1. What are the residues in the range 162-190 that are open to solvent by less than 40 Å² (accessible area, probe 1.4 Å), under 14 Å from the mean Cα position of the chain (by Cα) and either modelled with pLDDT under 90 or more than 19 Å from LEU82 (Cβ to Cβ) (or both), if any?
2. Show the residue pairs that are 6+ apart or on different chains and have beta-carbon atoms under 9 Å apart, the first residue being within the range 19-33 and on the phi > 0 side of the Ramachandran plot and among the charged types (D, E, K, R), the second being surrounded by fewer than 12 Cβ atoms within 10 Å (Cβ to Cβ) and at pLDDT 95 or above.
3. With the requirement that a residue be touching a helix residue (DSSP H, G or I) at 6+ places or on another chain (Cβ under 8 Å) and open to solvent by 10 Å² or more (accessible area, probe 1.4 Å), what does the range 95-104 give you?
4. List the pairs whose first member sits in the range 151-174 and is within 13 Å of LEU133 (Cβ to Cβ), whose second member is open to solvent by 50 Å² or more (accessible area, probe 1.4 Å) and at pLDDT 90 or above, and whose Cβ atoms are under 8 Å apart, counting only residues at least 6 apart or on separate chains?
5. Among the residues of the range 15-37, is any of a type in the set (D, E, K, R) and modelled with pLDDT under 75?
6. Among residues belonging to the range 146-161 that are in a helix (DSSP H, G or I) and of a type outside the set (Gly, Ala, Ser), point out the one that is most open to solvent (accessible area, probe 1.4 Å).
7. Tell me, please, whether a residue that is closer than 30 Å to ALA22 by Cβ, modelled with pLDDT of 85 or more and either outside any helix (DSSP H, G or I) or charged (D, E, K, R) (or both) can be found in the range 193-206.
Amino acid sequence: TTKLYYDPTGATLEQKPATPLAWFIPIDRRTSVVVPFLLAHLFVPYANSLVTQALIDSVARTGLGLVLSVNSFVTRLVLCCLQAVILRKYVPPGSWLLLSIGGILVATVIELFVVSALFSAFGLGAYRVVGPLLWWFFISSAQSLALRSHVQSSWLWIAASVGAGFCAAFVLNTAIGAGATAGVLIFPWIGLSVGIAQCWCLIQFVRLRPE
């Protein structure tokens, strides 16, 4: 394709080739990235849901907040490791993993003080909504630092992750209040929602052009 560029002298119209978009994930490779990315966001959170439910049923309420935080830390660490492997051809896996771990650590510390207090004061509903919001804000913010040297509009990674996580958590908590069945609640709606939002970002991202 070509674009017309007007000559300021008015003498000629110049035709120059239009520069094609440099997609972050090439179109012919998207399936090999999106499918395992979504599967990771499905099965890892699903395993976490099973473990979380077992902990809720077996751990005393006074120590449940700490146990859930540790379980969340391990789950997010495994998920970020899988993300690093899947995206290794597009983002240096070392920087992705190190920044992700930093975000996980910050989220864990804040969750221990903030979410645990909310859990003690307002119950499991507060944990289900505020927990994912904090987790995905700090993790996606850290990961966006790894993305910003490779793609345009890396802030979308944060907005999509937090928005999807919060909306899914809010809907899930509402369903719990309405008496949803255990089979519905155990499904990893939050993890899958965030995975879909992040896959959308990966497909939409355009690589930074060299100056």
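The values are calculated or read from the model by the stated rules, or taken from the named source; none is laboratory data. All figures in this text were calculated on a predicted structure; none of them were measured in a lab. So basically every Cβ, Gly included, is an ideal-geometry build from the backbone, and we count neighbours across all protein chains shown. For the accessible areas, the whole protein counts, side chains as well, though only heavy atoms, and no ligand, DNA or RNA atoms are used. Shrake-Rupley method; radii C 1.70, N 1.55, O 1.52, S 1.80 Å.
1. Selection gives VAL162, GLY163, GLY165, ALA168, ALA169, PRO188, ILE190.
2. none
3. SER95, LEU97, LEU99, ILE101, GLY102
4. Going by the 8 Å Cβ cut-off, the qualifying pairs are ILE158/PHE137; SER161/PHE137; VAL162/PHE137; ALA164/ILE196.
5. Quick first cut of the range 15-37, residues of a type in the set (D, E, K, R) only: 16, 28-30.
Now restrict to residues that are modelled with pLDDT under 75: 16.
Yes - at least one qualifying residue is present in the range 15-37.
6. Looking at residues that are in a helix (DSSP H, G or I) and of a type outside the set (Gly, Ala, Ser), I get TRP155.
7. yes
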